Amino acid sequence: MSSIITRRTLVTGAAVGAGVLLTGCDKIAANPEARKILFMGEDMNRGLQRALTNRNALVPEFSPAQMSPIFRSNGTRDPGTPDYTAMVANNFADYRLQVGGLVGRPLSVTLPQLRQMPSRAQITRHDCVEGWSAIGKWQGPKLGALLNAAQIRDSARYVVFTCADLYGGTPYYESVDLVDAFHPQTILAWALNDQVLDVAHGAPVRLRVERQLGYKHAKYVMRIDAVDSLAGIGKGKGGYWEDNVDYDWYAGI
Amino acid sequence: MNDPTAPMIIKRHRMATRVWHWVTVVTMFIMIGSGIGILKAHPRLYWGAYGANFDSAWTTLDQWPSWLVTLLNLLTIPASYNLAISRRWHLLFALVLAFALLGFMIVSLINKHFQRDLRVRAAELSPREVAHDVKEHLAFRFHDPKRPGAYNILQKLSYVVTIFVLIPVMILTGLTMSPGMDAAWPWLLDVFGGRQSARSIHFIAATGLVLFIIVHLALVILAGAWNELRSMITGRWHVPPHAPEDAA
């Protein structure tokens, strides 16, 4: 008899314990001090990946036969602002990509100039933070070449992208460090699957930072700034999603 | 002194085993809960390198029975959908899971826990032995009266599969989903057949772990809940008085 009660007590105890643990997890995630520990995982993963693996390793590239039949879009599919709509209407003739911040020579680059720069074409896999993947062919100049042309200063540590699409009234923004900015596969793509980049996928220019998740690949890039700290950008965490919904700044995992 | 009714106490589990067990209990709980949260962001699974909404999925959440979806909702960390926080939990405790397993494996090789307790001998795998053990399980007899402290063959196999196959597959398929790791270790993609296949295998192996946990808990309860639980806390285990063998 007693063993039946024991079993029941144990099963009940386990269920109650699980419930306490579950609500405990949510309490922990709401406590500022505990959050710091929870959020340490990002730095630990970044540190481990950077320390144990080759910083210049290239992501696998695929053959045309391995591409997704349909490359879905997500995030902003059309910025829809008057300024952007006007740019689309005259085929981005008025578009200027501004490169500034900690550079010796600020640039203002037209789309034809960008397309004339030596470009890299790569068939790579795009991984959304949600879990899906799509394979497509991207083409554009290396970000590193543009930063060198602008004579990026030694004091620069991050590169910040400001975009034409608005989130809550402010432009989308993202940032990467110089390891990823100068990675050979980090490009400013103006073409997808051998077509001029369309509005849904980030026309006229979209960042490809292949070793990180999709939200780092800023679409509709308008400005590129070299900075020494992310403190003054948005709320200081380096990107719209990082600042507003706790996404990891390092999205290599 | 040889009073057959007096309980005999043996030292069942070493400190390293006990610490790893409970660290992994908490870690598994968090990994399953936060993993469900991440799955909900895109509850479709594919085979191959790519897979998104326009591609054909081999399973999607809307095909699953409603009791399962309810159960998944109950276990999700955090309780209300938040992909960013689910990922924070998952990617921090992934490190705990992986390094705790690594430490446990090293210590268990040194203290010979693996060689002594988990090594499967060819003779144990003979159909006769396995059939005998199945029969013993069905009769709720879990210990060989001659060697009560030893694991039986079904127990050994389930622990070996969990420790050397399921958890390592979870860790490696998890790494395969990291775009950074795919650049550093592209062989991961070859081993698992692409990122979306790795994601599918991750969930299949997770299901295997959940089944292991259910069977493990059921057998702990059947074998004598408090005695088994105490042995994993203090290490001390009362050898159960065995029923007369001649009943059969």
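Only the coordinates and a few stated rules stand behind these numbers; no lab work does. Since the model is a prediction, treat every value here as computed from it, not as a measurement. We place every Cβ from the backbone using ideal geometry, glycine too, and count neighbours over all the protein chains shown.
Quick rundown of the values:
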{"quantity": "Ratio of Rg to Rh over the range A:78-222 (Cα coordinates, Kirkwood Rh, two decimals)", "calculated": "0.94"}
{"quantity": "DSSP-loop trypsin sites (Lys or Arg not before Pro) across the range A:191-244, with at most 14 other Cβ within 10 angstrom", "calculated": "A:235"}
{"quantity": "Inter-label distance, nm, simple model (7 Å from Cα along the C-beta direction), residue A:228/residue A:110", "calculated": "3.6"}
{"quantity": "Solution diffusion estimate, µm²/s, Stokes-Einstein, the range A:34-73, Kirkwood Rh from C-alpha pairs, 20 °C, viscosity 1.002 mPa s", "calculated": "157"}
{"quantity": "FRET efficiency, residue A:51 to residue B:63 (Cβ-Cβ, R0 56 Å, nearest 0.05)", "calculated": "0.85"}
{"quantity": "Cα pair distances in the protein assembly as shown, grouped into 20 Å bins until the bin that holds the longest one, percent each", "calculated": "20, 46, 24, 9, 1"}
{"quantity": "Value of Rg to Rh for chain A (Rh from inverse mean 1/r over Cα pairs, i.e. Kirkwood)", "calculated": "1.10"}
{"quantity": "The range B:8-242: translational diffusion in µm²/s, Stokes-Einstein, Kirkwood Rh over Cα pairs, 37 °C, 0.692 mPa s", "calculated": "166"}
{"quantity": "Distance from the range B:38-78 to the range A:80-131 (C-alpha centre basis), Å", "calculated": "35"}
{"quantity": "Histogram of C-alpha separations across the range B:126-248, 10 Å bin width, %", "calculated": "11, 32, 25, 17, 12, 2, 0"}
